[in-house]
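A quick write-up on the structure given underneath.
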Amino acid sequence: MRNTAVIISLFIVLLAGLSDSWYLYRSAITDTALTCEIGGVLDGCNIVAQSPYSQLLGIPLALYGVFFFIVFFVLVAIWTLFPRKLLWTGIHLLAVGGVIASAIFVGIQLFLIKAICVYCFASAALVLISWGLVYKLRKLNS
């Protein structure tokens, strides 16, 4: 996979993550139930969204996700135009930090809330895919 294909893939994944986070945020601020009637174990979206763990410092976690994906997207966009080591370091640290945060949030869902939000898992998967694409870019540019 060439640089261009990886970068385009990364932009698509980041936009999907932004959309997912924005949906969760809009639901939180409008107090609207999430649509998540998938069946069985994946129906816990609203349980997770209404839990005390869904906020940090009084701010919905989804808003942090919105900012995360926007900053990630902007840094990658700037890096594609002006490839600088400092930008790359920021992108890499953001990707790793996102994976760590997502792992913590998934753990909270599984072990503390004991419910699964499919949108939250999708966000975590998109963060992991983003990290993988950043890793692939690093290998291609080494």
Return the inverse of the average 1/r over all pairs of distinct C-alpha atoms in the chain, which is the Kirkwood hydrodynamic radius, in Å to one decimal. 15.7
For the range 3-140, the dipole about the Cα centre with charges only on Cβ (Lys and Arg +1, Asp and Glu -1), to the nearest 20 debye, works out at 680
Please state the relative contact order of the chain as a whole percent: Cα pairs under 8 Å, 6+ residues apart? 38
Full-extension gain in nm, residue 99 to residue 70, via 0.36 nm per residue minus C-alpha separation: 8.8 nm
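Rule-based calculations on the coordinates, nothing more; no lab input. Since we're looking at a predicted model, the values are computed, not measured. No Cβ is skipped: glycine too gets one built from the backbone with ideal geometry, and neighbour counts run over all protein chains shown.
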